[in-house]
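Report on the structure given below.
The values are calculated or read from the model by the stated rules, or taken from the named source; none is laboratory data. Just so you know, these numbers come straight off a predicted model, no measurement behind them. Quick reminder, even Gly has a Cβ in these numbers, built from the backbone with ideal geometry, and neighbours come from all protein chains shown. SASA here: full protein model, heavy atoms, side chains in, ligands and nucleic acids out. Shrake-Rupley method; radii C 1.70, N 1.55, O 1.52, S 1.80 Å.
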Amino acid sequence: MGRARDRAGLVTLTIPGVLVSMDMSVLYFALPPLSAELAPTATQTLWIMDVYGFLLAGLLVTMGTLGDRIGRRRLLMIGAAAFGAASAVAAYSGSAQELIAARALLGVAGATLAPSTLALIRTMFQDPRRRRTAVGVWAAGFSGGAVIGPVAGGLLLERFWWGSAFLLNVPVMVLLLVAAPLLVPEHRDPSPGRFDVVSAGLSLAAVLPVIYGVKLLAEEEPGWGAPAAVLAGLGLGALFVRRQARLAAPMIDLRLFRSRTFTTSLAVNSVTMFAMVGLTLFAAQFLQLVAGLRPLAAALWMLPAILATTAGVAVATLAVRRIRPGTVVTWGLLVAAAGLLMTARIEAASPPAVLVACVGVMAAGIGMVATLATDLILAGAPPERAGAASALSEAGTEFGGALGIAALGTVGAAVYRSEITAALPGLPQTARETLAGAAAVAGQVSGSLRGPLMEAASAAFVSGLRATSITAAVIMALIAVPAAVLLRHVRADADGPAQQQRRR
């Protein structure tokens, strides 16, 4: 009966992670009807899309630490109520300003859900094998949510208005508020110390400029604002770290980073998200603008990636019973790199199934890595600091995704601009910037010019996709080397370093 309750509790804790991840991408297809009704400016449109992720990433560490102090289940329920309320407000927003405010509140609430659920899984499942399986289920749900978001949005928009994409959250949060007290035990740090408001402010002030600057770097001419924002964020981050080293009860226990298992796993998690988000961005554009699929059809083509991720999770969970986690992580990184190299052979005329197969191989490798890396991060922290460790894991994931969009997006955009300019000099700037811009220009020219323009633009885009895939594959292969060396001594049934230290 106890195990049945634990399984039901795991489902209860996995679903919020799916929704938090979904809300990062659920507006991809809702943006056109939303823009037609609310008429946001270009700047407001960017804030509608980005403010959720900004606040989510910026508050993860603060909320993870807060959960350790006031109780993770209590924080989860507060966040669920706020997430449901903000979703309802977002669904019925009458102006762009209202929607931006609602998305900001969603980001704050989402920051309470992600680390709380993962930390509660850490304390619910003490046996290493059961914990690893539970983390795998959670990781598959969180990764799958990013793919499910556009699909769910597209399906709802076939019948309902754009706000229905947000209303989907409300009944799930109500169910969570009912089920969590029955299925999920409370847990908190028994000696949490004083909550440091200054540290909370510094953590937010450090994260937001870095993410903002990274996003600016993806633009064609980012100017000095991008590096200035990144440097300002890094400077504030240094102040945050210095303060943590001096506090008796810090938000982040810096001693965790002395563990090479913890630090290596954190880096590996970030790099895998770097590759996945960067390639997925290009894959979605290929399916819609090169293969010519409708948005919903393109989203449905990406569904096999969820199955591949789940398969990777299952393989890792079974393999680690006989093979050391470091070896499985290394093989997962190499499988993901192989999928990226396969993508580098894509042609403009390649059918969607070829691209989906390549993405599937990458997703399977990432599923193997994410499961074990996340488990090693949690195992490396004492149970009373599980919230802070979970928050660091999620913050690394968010940073990896932002860097993937910026760095890989910049590589692909640079190759695209170079090739399209060489093939068709004198094009308008809109057509030189992106494939979507070229498609918009093609719709305004005569039929005799439209074909050559789209053919050249598609070829240039695919060249950018190849360069992006090769870059990501090299990075994945390079991180596999330190992962193999630094994680080689970790045993599947070993306690985390914090617990081992206590016994000594």
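Could you tell me which of the residues Met368, Met342, Met362 is open to solvent by 10 Å² or more (accessible area, probe 1.4 Å) and closer than 26 Å to Leu392 by Cβ?
Met368
Can you pull out every residue in segment 77-95 that is more than 25 Å from Leu118 (Cα to Cα), in a helix (DSSP H, G or I) and open to solvent by less than 30 Å² (accessible area, probe 1.4 Å)?
Result: Ala90, Ala91.
A quick yes/no check of all residues on (1) in contact (Cβ under 8 Å) with a residue 24 or more places away in the chain; (2) open to solvent by 60 Å² or more (accessible area, probe 1.4 Å); (3) farther than 17 Å from Ile366 by Cα:
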residue	(1), (2), (3)
Thr430	no, yes, yes
Val441	no, no, yes
Gly451	no, no, yes
Ser458	yes, no, yes
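Against the definition (closer than 30 Å to Arg324 by Cα and in a helix (DSSP H, G or I)), how does Leu453 come out, yes or no?
Spelling it out, it is not the case that Leu453 is closer than 30 Å to Arg324 by Cα and in a helix (DSSP H, G or I).
Applying the selection to segment 317-339, what residues are part of a loop (DSSP other than H, G, I, E, B), among the aliphatic types (A, V, I, L, M) and either open to solvent by less than 40 Å² (accessible area, probe 1.4 Å) or farther than 18 Å from Val485 by Cα (or both)? Write out each step before concluding.
Of all residues in segment 317-339, those part of a loop (DSSP other than H, G, I, E, B) come to 320-324.
Next, from what is left, pick out any that are among the aliphatic types (A, V, I, L, M): 320, 323.
Answer for segment 317-339, where residues must be part of a loop (DSSP other than H, G, I, E, B), among the aliphatic types (A, V, I, L, M) and either open to solvent by less than 40 Å² (accessible area, probe 1.4 Å) or farther than 18 Å from Val485 by Cα (or both): just Val320.
Look at Gly464 and say whether it is small (Gly, Ala, Ser) and surrounded by fewer than 16 Cβ atoms within 10 Å (Cβ to Cβ).
no
Looking only at segment 231-246, count how many residues are open to solvent by less than 50 Å² (accessible area, probe 1.4 Å) and either under 22 Å from Thr374 (Cβ atoms) or at pLDDT below 85 (or both).
1
Considering only residues that are crowded, with 18+ Cβ neighbours inside 10 Å and small (Gly, Ala, Ser), look in segment 300-312 and name the one that is nearest to Leu453 (Cα to Cα).
Among those that are crowded, with 18+ Cβ neighbours inside 10 Å and small (Gly, Ala, Ser), it is Ala305.
Residues Ala348, Ala314: which one is assigned to a helix (DSSP H, G or I) and touching a residue at least 40 places away in the same chain (Cβ under 8 Å)?
Ala314
Here are some residues: Arg103, Arg74, Arg122, Arg131. Which one is assigned to a helix (DSSP H, G or I) and touching a Leu at 6+ places or on another chain (Cβ under 7 Å)?
None of the others qualify; the one that does is Arg122.
Would you tally the residues in segment 247-283 being among the small types (Gly, Ala, Ser), assigned to a helix (DSSP H, G or I) and buried (at least 19 other Cβ atoms within 10 Å of the Cβ)?
Taking segment 247-283 first, the residues among the small types (Gly, Ala, Ser) are 248-249, 259, 265, 267, 270, 275, 278, 283.
Restricting the remaining residues to those that are assigned to a helix (DSSP H, G or I) gives 265, 267, 270, 275, 278, 283.
From the residues that got through so far, the ones that are buried (at least 19 other Cβ atoms within 10 Å of the Cβ) too are 265, 270, 275, 278, 283.
Residues meeting the conditions: 5.
Taking the condition farther than 30 Å from Pro33 by Cβ, open to solvent by less than 70 Å² (accessible area, probe 1.4 Å) and either modelled with pLDDT of 85 or more or not basic (Lys, Arg) (or both), does Ala297 pass?
Answer is no for this residue.
Give me the pairs: first residue in segment 84-112 and in contact (Cβ under 8 Å) with a residue 24 or more places away in the chain, second residue polar (S, T, N, Q) and open to solvent by 60 Å² or more (accessible area, probe 1.4 Å), beta-carbon distance under 8 Å, and six or more apart or on different chains, which are they?
Ala96/Thr41
Any residue at all in segment 1-12 that's open to solvent by less than 10 Å² (accessible area, probe 1.4 Å) and within 21 Å of Ser203 (Cα to Cα)?
no
Among (1) in contact with a Lys or Arg (Cβ under 8 Å, 6 or more places away or on another chain); (2) modelled with pLDDT of 80 or more; (3) among the hydrophobic types (A, V, I, L, M, F, W, C), where does Ala457 come up short?
Among (1) in contact with a Lys or Arg (Cβ under 8 Å, 6 or more places away or on another chain); (2) modelled with pLDDT of 80 or more; (3) among the hydrophobic types (A, V, I, L, M, F, W, C), Ala457 violates only (1).
Could you please tell me which pairs satisfy a Cβ distance under 7 Å, a separation of 6+ or placement on different chains, a first residue in segment 43-69 that is over 18 Å from Phe166 (Cα atoms) and free of Cβ contacts under 8 Å to residues at least 60 places away in the same chain, and a second residue that is of a type outside the set (Phe, Trp, Tyr) and open to solvent by less than 30 Å² (accessible area, probe 1.4 Å)?
Once the first residue is over 18 Å from Phe166 (Cα atoms) and free of Cβ contacts under 8 Å to residues at least 60 places away in the same chain and sits in segment 43-69, its partners that are of a type outside the set (Phe, Trp, Tyr) and open to solvent by less than 30 Å² (accessible area, probe 1.4 Å) give Gln44/Ala96.
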